[in-house]
Every structure is written in structure tokens, then in C-alpha cells.
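Enquirer: Submitted below is the structure of interest, expressed as C-alpha cells.
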Amino acid sequence: MHAAVGDEIIIHGRVTGNPDRRGEVLEARGPDGTPPYLVKFDDGHEVLVFPGPDVQVVTLSH
């Protein structure tokens, strides 16, 4: 998995009724855009994300 600053991270809800969480990649701390990622979510929280199978990266135009 690769991401760049400004890309969107979507963490899909694993349980029916749980909404997806969306955030913006602020920093890719691994080499060449690999995880972990510092992500700022829609609610304003910044979290270090180690993506699992429920995570999608949406590459935005850079």
C-alpha cells in the first residue's frame, strides 16, 4: 500500500451500521509512501494509521 500527502484514507466499517471513517494523509512515515500514515480525520483527530484489509487509499490529483 502506498499513499502521499493529501491522499484520502477510508477505513470501512466492519460491522453493519458502522459508518466509514475518512481522513487526509498528512505524512507517510514509511519509505516511498508506505505505512504508517499520519492521518487527520473529519472530526479533527490526528492518528497514526497502520492500515489493515479494511483500509482504502484514494489517490487525489497532486
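The values are calculated or read from the model by the stated rules, or taken from the named source; none is laboratory data. This structure is a prediction, so every number in the text was calculated from the model and none was measured. Just the protein is used for accessible areas: all its heavy atoms, side chains included, with ligands, DNA and RNA removed. Shrake-Rupley method; radii C 1.70, N 1.55, O 1.52, S 1.80 Å.
Enquirer: Ignoring any ligand, DNA or RNA, what whole percent of the accessible area of the chain comes from carbon and sulfur when the probe is 1.4 angstrom?
Expert: Numbers: 2120 of 4100 Å².
Ligands and nucleic acids excluded, carbon and sulfur reach 52 percent.
Enquirer: Where only protein heavy atoms count, and the probe is 1.4 Å, what is the accessible area per residue for the chain in Å²?
Expert: Details: 4100 Å² over 62 residues.
Result: 66 Å² of accessible area for each residue.
Enquirer: Report ³J(HN,Hα) in whole Hz for each residue of the stretch 40-50, in order, from the Karplus equation J = 6.51 cos²θ - 1.76 cosθ + 1.60 where θ = phi - 60°; Gly and Pro get x.
Expert: Karplus-based 3J(HN,Hα) across the stretch 40-50 equals 9, 7, 4, 7, x, 6, 10, 9, 7, 10, 10 Hz.
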